[in-house]
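Enquirer: Before we start, here is the structure in question, set down as structure tokens.
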Amino acid sequence: MNADSRIDILLLGSGGREHAIAKKLSESPRCGTLYVAPGNGGTLEVGENVALDAEDPAAVADFARETGCGLVVIGPEAPLVVGVADAVREVGIPCFGPGAAGAQLEGSKRFSKELMARAGIPTASYGSFTDEESALAYVREQGAPVVVKADGLAAGKGVVVALTLDEALRAVHECFDGAFGSAGSTVVIEEMLTGPECTLLAFTDGKTVRPMATSQDHKRALEGDLGPNTGGMGVYSPVPIVTDEEHAEMCRILDETIAEAQREGIDFRGCLYGGFMLTPAGPKVIEYNARFGDPETEVLMPRLESDLVEVMLACAEQRLDEIELKWRDEWAVSVVLTSAGYPGSYEKGKAISGIDDAAAMEGVTVYHAGTAVNEDGEVVTSGGRVLDVTALGDTFEAARELAYAACDKIEFEGKTLRRDIGLRALRGRSAWEA
Ligand code: AMP
Ligand code: GLY
């Protein structure tokens, strides 16, 4: 390799996902200077954090041009939806992340449901409404259980799985009443699906689709899948309960999604996130995201053997057909350490100890999510999800045990975690049938 093949890279975002992506990018011989905007206490160790408004398309494009970056990678959804990728491509810099049109797959539930209908992709039956009266009438006609979703981005809080008619009617009213701002001015009402959930992410250049490994998030705050929804409390990969037929069908659906987007003139270069429910009638799409999942990325990156710079550049330059992904044949389990109170209000600025001890364990990686470094150089908490502790193992159980042993080495005031990440999968498919 000659020095010329190194490129400087700008990565946008500040979560555990971005630390995992940053670390993987930095391990590539092709990675020059890695800028992370705004980054966190972990990305500092592998790159250079920069103060830049990641949601300002012109500011991002200018920064990338002025610093001579050869690749921009967009982590979170907000910059995608406002068209940061379009602005970067306009100045001639390869970008990993769809433009505003492709980001609609995540940014508008109505748009994604309509695209699925046009492509014949299996998903929950639904109605979409812009006035409260018609939405209420539809809910009464469908009866409970039923799922009520605000159309736009609502940081994971815009979905109510209503088990009673009263709950459903109240959820519709709250959407139109402005509980989710403009995200709730259109409401999607769906049939409730049942079965285990499974995430399948894919790299794509808008033509070729390369699925990653399966993973499964734990969205509820409390053990036993109780309590409020969160950004994710823990995750593992691969998902042992998925059958070969289900896996093939999820891959087919992601292929078909990109083929339909291409037919409709959408050039989707980045990560397509398929959120599936493995129903008795086969996998159905619950949602798409136009980016990597968080914490899913924290189990996928340590399992990925391929060079991430090469893969992301191939997506951005539409030559993904040249690349085959390689995965480590190991299990990964990641447990999220949160601040007490999350997903409600919580305190920040608590000193964290033991990260180095945990990270020194063989097979363990500690990704920073909500951390910062204070004036004294100490790593302190700065968010609800603080750290993602990922362990690799030859068996699912070994990875699980190692992840928890590593979690026990880390301390901060208010440290909170779920002790049952992966337990249900260990019990097998029947654990979802109760
Ligand atoms: P979403 O933001 O669309 O991913 O929804 C958040 C969570 O709500 C999902 O992870 C599911 O657990 C649940 N959910 C969403 N849609 C449905 C559905 N049609 N049937 C059952 N559960 C759903
Ligand atoms: N872990 C779920 C998501 O990233 O949307």
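The values are calculated or read from the model by the stated rules, or taken from the named source; none is laboratory data. In this text, all values refer to a predicted model and were calculated from it rather than measured experimentally. Methodologically, a virtual Cβ is constructed for each residue, glycine included, from the backbone with ideal geometry; neighbour enumeration extends over all protein chains shown. Just so you know, the surface numbers come from the protein's heavy atoms only, side chains and all, with ligands and any DNA or RNA stripped out. Shrake-Rupley method; radii C 1.70, N 1.55, O 1.52, S 1.80 Å.
Enquirer: Would you mind telling me which numbered condition in (1) under 25 Å from the mean Cα position of the chain (by Cα); (2) touching a residue at least 60 places away in the same chain (Cβ under 8 Å) Val364 fails?
Expert: Here Val364 meets the rest and fails (2).
Enquirer: Looking at the range 49-76 only, could you name the residues that are in contact with a Gly (Cβ under 7 Å, 6 or more places away or on another chain) and of a type outside the set (A, V, I, L, M, F, W, C)?
Expert: Asn49, Pro57, Gly75, Pro76
Enquirer: Report, by residue number, each residue of the range 324-340 that is aliphatic (A, V, I, L, M) and either open to solvent by 60 Å² or more (accessible area, probe 1.4 Å) or closer than 18 Å to Thr204 by Cβ (or both). Before the answer, list the steps.
Expert: As a first pass, look at the range 324-340 and keep what is aliphatic (A, V, I, L, M): 325, 332-333, 335-337, 340.
Leu325, the sole residue that qualifies.
Enquirer: Just to be sure before I move on: is Glu174 under 30 Å from Ile266 (Cα atoms) and either within 16 Å of ligand 2 (Cβ to nearest atom) or not β-branched (Val, Ile, Thr) (or both) in the structure I sent?
Expert: Working: under 30 Å from Ile266 (Cα atoms): no; either within 16 Å of ligand 2 (Cβ to nearest atom) or not β-branched (Val, Ile, Thr) (or both): yes.
Taking the combined requirement at face value, the residue does not satisfy it.
Enquirer: Can you name the residue in the range 184-203 that is away from ligand 2 (no atom under 16 Å from the Cβ) and out of contact with any helix residue (DSSP H, G or I) (no Cβ under 9 Å at 6 or more places or on another chain) and, of all such residues, is least open to solvent (accessible area, probe 1.4 Å)?
Expert: Ranking the candidates gives Leu193 first.
Enquirer: Looking only at the range 204-225, count how many residues are open to solvent by less than 30 Å² (accessible area, probe 1.4 Å), assigned to a strand (DSSP E or B) and away from ligand 1 (no atom under 16 Å from the Cβ).
Expert: 4
Enquirer: Which ranges mark the helices (runs of 4 or more DSSP H) fully within the range 46-129 that have 3 or more residues being open to solvent by 40 Å² or more (accessible area, probe 1.4 Å)? Give the derivation first.
Expert: Numbers: elements: 57-66, 77-81, 84-90, 100-107, 109-119.
Output list reads 57-66, 84-90, 109-119.
Enquirer: Please tell me if Pro228 is more than 13 Å from ligand 1 (Cβ to nearest atom) and in contact (Cβ under 8 Å) with a residue 24 or more places away in the chain. Break it down stepwise before answering.
Expert: Working: more than 13 Å from ligand 1 (Cβ to nearest atom): no; in contact (Cβ under 8 Å) with a residue 24 or more places away in the chain: yes.
No; evaluated as a whole, the condition is false for this residue.
Residue-wise test of (1) in contact (Cβ under 8 Å) with a residue 60 or more places away in the chain; (2) among the charged types (D, E, K, R); (3) within 11 Å of ligand 1 (Cβ to nearest atom).
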site: Glu190; (1), (2), (3): yes, yes, yes
site: Leu201; (1), (2), (3): yes, no, no
site: Asp267; (1), (2), (3): yes, yes, no
site: Met277; (1), (2), (3): yes, no, yes
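Here is a yes/no grid of residues against (1) on the phi > 0 side of the Ramachandran plot; (2) within 16 Å of ligand 2 (Cβ to nearest atom); (3) not basic (Lys, Arg):
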{"residue": "Arg252", "(1), (2), (3)": "no, no, no"}
{"residue": "Leu272", "(1), (2), (3)": "no, yes, yes"}
{"residue": "Tyr288", "(1), (2), (3)": "no, yes, yes"}
{"residue": "Phe292", "(1), (2), (3)": "no, yes, yes"}
{"residue": "Met301", "(1), (2), (3)": "no, yes, yes"}
{"residue": "Ser306", "(1), (2), (3)": "no, no, yes"}
{"residue": "Val311", "(1), (2), (3)": "no, no, yes"}
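Enquirer: Would you check if Ala135 is open to solvent by 10 Å² or more (accessible area, probe 1.4 Å), of a type outside the set (Val, Ile, Thr) and either part of a helix (DSSP H, G or I) or free of Cβ contacts under 8 Å to residues at least 12 places away in the same chain (or both)?
Expert: Working: open to solvent by 10 Å² or more (accessible area, probe 1.4 Å): no; of a type outside the set (Val, Ile, Thr): yes; either part of a helix (DSSP H, G or I) or free of Cβ contacts under 8 Å to residues at least 12 places away in the same chain (or both): yes.
Here the answer is no, as Ala135 does not meet what is asked.
Enquirer: Where the second residue is among the acidic types (Asp, Glu) and open to solvent by 30 Å² or more (accessible area, probe 1.4 Å) and the first is in a loop (DSSP other than H, G, I, E, B) and lies in the range 13-41, which pairs have Cβ atoms under 6 Å and are six or more apart or on separate chains?
Expert: Final answer for the pair search is Ser28/Asp307.
Enquirer: Also: Run Asp8 past the list (1) in contact (Cβ under 8 Å) with a residue 40 or more places away in the chain; (2) touching a Gly at 6+ places or on another chain (Cβ under 9 Å); (3) buried (at least 24 other Cβ atoms within 10 Å of the Cβ) and report the number of the one that doesn't hold.
Expert: (3)
Enquirer: Any idea which residue in the range 279-310 is nearest to ligand 1 (Cβ to nearest atom), counting only those that are more than 18 Å from Leu254 (Cα to Cα) and out of contact with any helix residue (DSSP H, G or I) (no Cβ under 7 Å at 6 or more places or on another chain)?
Expert: Across the range 279-310, the extreme among qualifying residues is Pro280.
Enquirer: Separate question: If Thr208 satisfies every condition in (1) modelled with pLDDT of 95 or more; (2) under 20 Å from the mean Cα position of the chain (by Cα); (3) not acidic (Asp, Glu) but one, which is the exception?
Expert: Against the list (1) modelled with pLDDT of 95 or more; (2) under 20 Å from the mean Cα position of the chain (by Cα); (3) not acidic (Asp, Glu), Thr208 comes up short only on (2).
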